[in-house]
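Sending over a structure as structure tokens; questions will come in a sec.
The values are calculated or read from the model by the stated rules, or taken from the named source; none is laboratory data. The shown structure was predicted, so the numbers you read here are calculated from the model rather than taken from an experiment. Just the protein is used for accessible areas: all its heavy atoms, side chains included, with ligands, DNA and RNA removed. Shrake-Rupley method; radii C 1.70, N 1.55, O 1.52, S 1.80 Å.
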Amino acid sequence: MARRRPVVLSRDHARPRTRPAPANEAIDAHLAGLIQPAILAQDEAYRRLGLRDRVLALPAMVAIVLTIIWRQVPAVGEMVRILEREGVLWTPAIRVSQQALSLRLRSLPESLFAGIWTSLAPTLQARAAARTRPLPPVVARVQAHYPRIWAIDGSTLEELFKKVGLLRPDPAKVLGGALEAVLDVATRLPVHLWLEADPVGNDLRFLDRIKAVLGPGTLVVLDAAYWAFPFFDWLTEHGVGFVIRARTVRAETVVRVLHESPSVRDRIVQLGAYRSNPCTHPTRVVEVKVGKTWRPYLTNVLDPAVLSVADAVDLYDRRWKIEEAFLVTKRLLGLSYLWSGAANAIALQVWSTWLLYAVLVDLSDAVAEELGQPLDAMSLEMTFRGLYHYTSAFARRLTAADPAAWLAAQDDLGLVKRRRKSRERQRAALDTWRQELNL
């Protein structure tokens, strides 16, 4: 008798089966106040596309999609029942069929949802800039020379469970597409997003779009996938600083040694050994010894007074904030499960998820402001989960406060991250390198 292998389930990539979270009047009002003006800004684009008013017009569809994500509604069929009995956000109770809603998800132009996200992003950036919670010291120092510190990276969307159209007979796994994101390191808010339906290809295919949004006074923290000499030269020529993890094996000529010790190396180098593939402008390689291993980093900021060795290392470590953003959108907000195999429906889900991610960051930042903590100290996941307790207290009329003020007053929700030994060791290492360099 043949042995059956146990089915291995990926719980992060599985259809949600939880009950929808209850609605809350205060949270709904908060979302409406932020998002409705951005929806109204798309009215002209809606008309220009020749779309007419109907039951499931743009405001209603935005309310439905946001509710599915924010309240973690497990299926479109369940959303139809909620819509008929309760209404959602600014949309009153209406009766529609599941087929009608599914068709609308596949047909409503995703450019409208992208426009809503684009309209809302500057508003959230302005709200973050107006707050007075402390910034991480490295960010404050670097912003004196580079007002914009951005992290750039890409992520591949998960496998499709439902295949439509020409994808149905394909027996192989089909991925949902590729997403490129630009994240503000200081505010943790997404600045730019690009979605490609084709998941095949590396991050360098987004370079033209990345270059179009970069300007002087920006410092970008890059993933190793962006290692390309022409790109490094372009950044230098356009007044854009960068920090990237350097390759261990690289062809270089040392131009000048700035510092060298048993634990720190700081050199200006000329990359490239062949005339056919040179790096025109000099760059700077900083290396720090962690244990028995040297970790190299590359930057075009040649002046150590502008970007010290310790700050370059610290800044690169903050690149992981963009990885955390991908983690939160996929696992916490459900983007690891794609509702549909249709490219348009996937795009609506992606834009709406990242819009709500930005709202969650804004809420966490407001809580940090109340607590006098830097945003880096706040847990986005625990802030999101804390909304359940806020909803419960609001329903029992135990609070009338806004969500940020109420969450900040609770000391048992774990909103502030616990201090970890690994972070303490990292801080100690950075302080040691600063002392060695007399900073």
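For helix 76-85, report the angle its Cα long axis makes with the longest principal axis of the Cα atoms of the chain; keep it between 0 and 90° and round to the nearest 10°.
That helix lies at roughly 50 degrees to the long axis.
If you take the square roots of the eigenvalues of the alpha-carbon gyration tensor of the range 202-329 and sort them as a ≥ b ≥ c, do you get rounded (a/c under 1.5), prolate (a/b over b/c) or oblate?
Oblate shape, in that a/c is at least 1.5 and b/c is the bigger or equal ratio.
On the principal axes of its Cα set, how long, how wide and how thick is the range 33-96? Give whole Å, largest value first.
Over the range 33-96, Cα extents along the principal axes are 33, 24, 18 Å.
Another one. How much accessible area does D362 have with a 1.4 Å probe, in Å² rounded to the nearest 10?
0
Right, here's the next one. Given H placed on each backbone N at 1.01 Å, which residues far from A186 in sequence or on other chains put an amide H within less than 5 Å of it?
HN-HN under 5 Å from A186: I149.
Against the longest principal axis of the chain, how steep is helix 98-107, in degrees 0 to 90 to the nearest 10, with axes from Cα atoms?
40
Could you compute how much accessible surface W339 exposes when probed at 1.4 Å, giving the result in Å² to the nearest 10?
For W339, solvent-accessible area is about 40 Å².
To test your reading of the geometry: what angle, between 0 and 90 degrees and rounded to tens, separates the Cα axis of helix 58-70 from the longest principal axis of the chain?
70
A further question on this structure: Mind listing the phi-derived Karplus ³J(HN,Hα) values for the range 321-331, rounded to whole Hz, using 6.51, -1.76 and 1.60 with θ = phi - 60°, and x for any glycine or proline?
So the J values, rounded to whole Hz, are 4, 6, 5, 5, 4, 4, 5, 5, 5, 7, 8.
Answer with a single label: of (i) 42; (ii) 48; (iii) 39, which was calculated as percent of Cα pairs over 31 Å apart from the structure in view?
Computed from the coordinates, percent of Cα pairs over 31 Å apart corresponds to (ii).
Further question: Would you mind getting the Kirkwood hydrodynamic radius of the range 169-230 from its Cα pairs, rounded to one decimal in Å?
13.7
Within the accessible area of the range 321-386, what % is carbon and sulfur when the probe is 1.4 Å and the other protein chains stay in place?
On the range 321-386, the fraction of accessible area on carbon and sulfur atoms equals 50 percent.
What order do T280, T329 take when sorted by accessible area (1.4 Å probe), most exposed first?
Highest to lowest solvent-accessible surface, that is T280, T329.
Suppose a student asked you for the relative contact order of the chain, using Cα pairs under 8 Å spaced at least 6 residues apart; what percent would you report?
With pairs under 8 Å counted, the relative contact order is 17 percent.
For the chain, what is the calculated [θ] at 222 nm in deg cm²/dmol (nearest 500), taking -39500 (n - 2.57) for each run of four or more DSSP H residues and dividing by its residue count?
For the chain, the value works out to -13000 deg cm²/dmol.
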